[in-house]
Every structure is written in structure tokens, then in C-alpha cells.
Amino acid sequence: KSNDYIVQSVEESPLPIGYEEIEKAAKDILSPKAFSYISSGAGAEETARKNKNAFQRYSIIPKLLNDVSELDTRISLFGNTYPTPFILAPVGVLKLADDQGDLAVTRAASKYDIPFIQSTVSSFSIEEVGQSGDGPKWFQLYWTSLEDVSYSFVKRAEEAGSEAIVVTIDTVTLGFREKDLSYGYSPLADGYGQGNFESDDVFLSTLAEVNDSTIVDGIIKQINYPALNWSHIKKLKRMTSLPILLKGVLHPEDALQAIHCGVDGLIVSNHGGRQLDGVISSIDALPEIAKVVNGKIPVLFDSGIRRGSDALKVLVLGADAVLIGRPYVYSLAIDGEKGVSQFLANFLQDFSSSMVLAGVKNIKQLKQMKIVCG
Ligand code: FNR
């Protein structure tokens, strides 16, 4: 419970307040190819633009005079209670933004008990991230073509205390990212994404078997895995007792199939427009998925969350929790751990104020708010 929103204050910090200014400041700090890698989408960036513009079509209708002097932003997921409905999205190669990468982010997120989803292609190992900060950690899996490597990661995540496994299903091969291709740039090739691989005995032994010359070659070959299908998900369910979420769900029938396969949660996402260009914006995909899922399993959301009021909209449209992506990555580039921490403080204040102004005092009331599209 908190009423911190009553006195709005923002500490002096090199981090600007608004998202557009944060993005600009990050652009000034990062090299052009690093900024481009983080900011760009696939193809003509149609989906990246849709993610942004679609939010403006949804309008909340506040219902007021509801004594909102005491706010409760808690949610429960998979038997855990979290103080806010926010989670940090898996973002690989974070050393690109700051030397401390995932470690700086987890320390900042721990202050707010916000779960951090560590990427398969993270700059640090599962164990290093597990020990960084005391906040909750989840693990994101890019399924590897050599299955034993995937299982090794899942085992390591279990042992390091991960609370959930997120299988990203929209990246069985990399999106055609025109800007990165023009720069001839891959942060994997720069060695920023191998924390988990270089520390994995199973992976290292497969390298020798398939005669890959470098760790980077091995990673690139193994995380391209177009053969991924529902049988893998069913098998993974049997391999671990951790909750399994699928990230990248946009089709309602995939949502139903996931429930059928025993999946524990979904993340409606189009990967921030970085994978298949032209796909539906994430916010437009959400209502139908929430409808067919009908509360059977939690539905999480990402792609386009920039401000507290964005989060409000997707929670009303049926999301149970909300992932933040690019804003924390830029904040990390601008001021490391302090930048992420300041961003989260501002974001949470913005979210609390938005709830108050919308006339709701907890997430249950929030989800019953009126929203119109058009
Ligand atoms: C990502 N995303 C991502 N997703 C994932 O499952 N594994 C990963 O390793 C990465 N890596 C990654 C790197 C960078 C630089 C970005 C920007 C994104 C996608 C991420 O989890 C999330 O879906 C998007 O960031 C959501 O879009 P917005 O809100 O950031 O625009």
C-alpha cells in the first residue's frame, strides 16, 4: 500500500522524465550502431510504428469520487505476490548499454521487487544474475537446436532460484532487421551475448562435437531453430516444475493451444516490432486473446509500454502484468544502475498517479474500468 503519489517528486538525475527525451539522450550516448540495434524494428518498421500509434486509439473513461487515498498495486502470479504489476522484459546483450548490464538492472529492479527476466543471450551467466540483487528473477529461453543445451539452461535457472521460464516463440529465426544489416552489425558477434553459453559445459561440449570454431558461431547456429513446435513445449512441461510462459503469442488459437499443452502463462508480444514486420500491434491483439483465455492462465503484455497510462490501458484490456522493455535499456545506457532505478521510480509514480486520476484503488478495480477503442 502506498500513497507516495500524493507528493510528486523526481530526484535530480541525468535521466530525463519523458520517454522521447530518454530515447534522445540514449541516442547521444550510444554509438550509432548500438542505438540502432536497440531502437530499430524489422523490415520497414511498420509494426514498430503500429505498437506506438495503436495505443492512441484506446481511451480510458475515468469513474470518479471513489476515495482513492489508499492504493494497492499488488498482483499475484504463480503463487507469488509482487508489489506492482510490472516486470522487466528479457533483453539480451545488455553490456551494449552499460558494462554492468544485467547486474546493474537486477540491482535496480530489486529495490522495487520487480522481476527481471534474464535473456538466453544475456551478457552475464544465470548464476551471476541470480546472485545480483535480492529481487525475483525469471529466465527467458531461446530454444536451442541441440536440446540438451536448452535443458541445461533450464536446470541452471532452477538451481539459481528462477521463479519462471519464459519460452520466446516468435524468434525461431532472427527478424530481417534492415538497419542492423546495413551496419553489418551483430552485438552477438561483439561477444555481448554469451554469458550463459561460455559458462555452460553442455554447450561447450557440443561445440567440439559439431566442430564450430567459436562460441559466437555456436550460439548463432543453435538459437536459430525453426523446427520448434508444440511437442517441445509439452516436453519442457515434463522437464521442470517451474511455471512455463510463452512469449510472442498474437493468435487466439495459439493461446488456446498453449492452455491445452499445460502452459502456465502467456505474453502477448510482437517483440517490440523486431521480428516479423507487418504483424498486428500487441495492444490490438490483446483483447481477443484475453477473451479466449478467460482467466484460465495469466496473460502478460509487452511491446509499446512507455508510461504509466499505457500500462493502465493494457491492464484494462485484460493483461494481468506488464513488461517494460526499451525504456529501461535506454535508462541503463544513460546512467547505469542509477538510471534504471530513477526510471522505475518515475514510472511507478506515474502509474500510481494514473490509477488515482482514473478513480481506482487496486488492480481488480482497474481491470473493471471502461475503455473505448476508436
Ligand atoms: C529485445 N527483446 C528480447 N526478447 C526476448 O525474448 N529475448 C531477448 O533476448 C530479447 N532481446 C532484446 C533486445 C533488445 C535490444 C530489445 C529492444 C528487445 C524483446 C523484449 O523482450 C520485448 O518484447 C520488447 O522490448 C518490447 O517492446 P518495447 O516495449 O521495448 O518497444
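The values are calculated or read from the model by the stated rules, or taken from the named source; none is laboratory data. From a predicted model like this one, the values you see are computed outputs, not experimental measurements. Note that each Cβ is placed from the backbone with ideal geometry, even for glycine, and that neighbours are counted across all protein chains shown.
Of all residues in segment 351-367, those that are of a type outside the set (A, V, I, L, M), surrounded by fewer than 19 Cβ atoms within 10 Å (Cβ to Cβ) and assigned to a helix (DSSP H, G or I) total 4. Of all the listed residues (30, 15), the sole one being surrounded by 18 or more Cβ atoms within 10 Å (Cβ to Cβ), at pLDDT 95 or above and more than 16 Å from the ligand (Cβ to nearest atom) is 15. Entry remark, segment 93-121: residues being over 13 Å from the mean Cα position of the chain (by Cα) and outside any helix (DSSP H, G or I) number 9 in total. Kindly establish whether residue 249 is surrounded by 20 or more Cβ atoms within 10 Å (Cβ to Cβ), on the phi < 0 side of the Ramachandran plot and in contact (Cβ under 8 Å) with a residue 40 or more places away in the chain. Yes. The set of residues from segment 290-307 being surrounded by fewer than 23 Cβ atoms within 10 Å (Cβ to Cβ) and within 16 Å of the ligand (Cβ to nearest atom) comprises 306, 307.
The residue that is farthest from residue 279 (Cα to Cα), counting only those in segment 141-193 that are among the aliphatic types (A, V, I, L, M) and in a loop (DSSP other than H, G, I, E, B), is 160. Within segment 9-24, the set of residues being of a type in the set (Gly, Ala, Ser) and over 22 Å from the mean Cα position of the chain (by Cα) comprises 9, 13. Of 181, 174, all but one fail to be closer than 22 Å to residue 249 by Cβ and surrounded by fewer than 19 Cβ atoms within 10 Å (Cβ to Cβ); the exception is 174. Would you call residue 266 within 26 Å of residue 173 (Cβ to Cβ), outside any loop (DSSP other than H, G, I, E, B) and within 16 Å of the ligand (Cβ to nearest atom)? For residue 266, the condition - within 26 Å of residue 173 (Cβ to Cβ), outside any loop (DSSP other than H, G, I, E, B) and within 16 Å of the ligand (Cβ to nearest atom) - is met.
Residues considered: 313, 338, 291. Of these, the only one that is in contact with a strand residue (DSSP E or B) (Cβ under 6 Å, 6 or more places away or on another chain), among the charged types (D, E, K, R) and either modelled with pLDDT of 95 or more or at negative phi (or both) is 313.
Among the residues of segment 43-86, those that are under 30 Å from residue 242 (Cβ atoms) and either part of a loop (DSSP other than H, G, I, E, B) or modelled with pLDDT under 95 (or both) comprise 73, 74, 78, 79, 83, 84, 85.
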